[in-house]
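The values are calculated or read from the model by the stated rules, or taken from the named source; none is laboratory data. Given the structure is predicted, the values throughout are model-derived calculations rather than measurements. Positions of Cβ are generated from backbone atoms using ideal geometry, with glycine treated the same way; all protein chains shown enter the neighbour counts.
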């Protein structure tokens, strides 16, 4: 299948997703999304070859969001165990342009392009369309990015902020952090709130609550939390508080008058706890700057297509101005 479409990819710690993106007057249309578990493939190139073979696609270029630091042609996906060789991807494109960025940079770039169907409000507020925006949240890892409006569109600044130190604020959280440190780990927001640290956080929380550890899956913890189970509810509220504390810090760093966007598969499961008064207080309680943060709108990104849409816009941005 020959077309002027580009390949867009969202390559995370759990799943790999591809689609074809078609651009017209700055708007993006996506084909049906191809999704597979990363564990089904020994290497990234095997997943890419499967997509190209199954669809017959011959894209004119590609834009990939990768769950790792994109600083060279070899991108290490720590939570997947893959090394993505960008030179090999370029060879498969046979001369087509390749854009590659961290997956949360792609997620962030999608935020201003989403309509109401792609967003779920957590708290209303006054959004300045010219202001910076903060995007972050837990999936397999904990991603963050900041958007800044410029004359020719948007600039996205990403980073490894999910590895910032966990900031305990209650006696239970302090005890949890100490229990985790005794196991020889650096206690980060990613470890406490994201999928990568689920079992360790679950077992350490049970320990400090004086309970026997229970081999509950993430799905079972969410279900039990919704039913009012004391341990599961405490676990979900711990994660929600960690997310909202981290997002409040990020919003303060960039003065996120353009809005705050929470994203990630784990974050979406935590939605029932993110808008509780205690979680919202963890977001906006910042001393003299509390009134400022109370004005920022907070939305959850619920569109499954968001990172692919963002990857397509990054490809357009780079083509227009020559840089990201």
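Considering 206, 213, 256, the condition of being in contact (Cβ under 8 Å) with a residue 24 or more places away in the chain and either within 30 Å of residue 154 (Cβ to Cβ) or assigned to a loop (DSSP other than H, G, I, E, B) (or both) is satisfied by 256 alone.
Taking the listed residues 308, 226, 314, 324, the one that is touching a helix residue (DSSP H, G or I) at 6+ places or on another chain (Cβ under 9 Å) and within 29 Å of residue 205 (Cα to Cα) is 226, with no other qualifying. Taking (1) under 21 Å from residue 129 (Cα atoms); (2) buried (at least 16 other Cβ atoms within 10 Å of the Cβ); (3) out of contact with any strand residue (DSSP E or B) (no Cβ under 7 Å at 6 or more places or on another chain); (4) in contact (Cβ under 8 Å) with a residue 60 or more places away in the chain in turn, residue 293 satisfies each apart from (4). Here no strands (runs of 3 or more DSSP E) wholly within the stretch 108-150 include at least 2 residues being not assigned by TED's automatic domain parsing to the domain that holds residue 242. Taking the conditions exactly as written (surrounded by fewer than 24 Cβ atoms within 10 Å (Cβ to Cβ), assigned to a loop (DSSP other than H, G, I, E, B) and in contact (Cβ under 8 Å) with a residue 12 or more places away in the chain), does residue 89 satisfy them or not? No: the conditions fail for residue 89.
Which one is farthest from residue 322 (Cα to Cα), of the residues in the stretch 92-107 that are touching a residue at least 40 places away in the same chain (Cβ under 8 Å) and part of a strand (DSSP E or B)? In this case the residue turns out to be 102.
Among the listed residues 202, 149, which satisfies the condition of being out of contact with any helix residue (DSSP H, G or I) (no Cβ under 7 Å at 6 or more places or on another chain) and surrounded by fewer than 23 Cβ atoms within 10 Å (Cβ to Cβ)?
On the way: 202 fails: out of contact with any helix residue (DSSP H, G or I) (no Cβ under 7 Å at 6 or more places or on another chain).
From the options 202, 149, the qualifying one is 149.
When each of 162, 248 is tested for being out of contact with any strand residue (DSSP E or B) (no Cβ under 8 Å at 6 or more places or on another chain), assigned to a helix (DSSP H, G or I) and crowded, with 19+ Cβ neighbours inside 10 Å, the lone residue that passes is 248.
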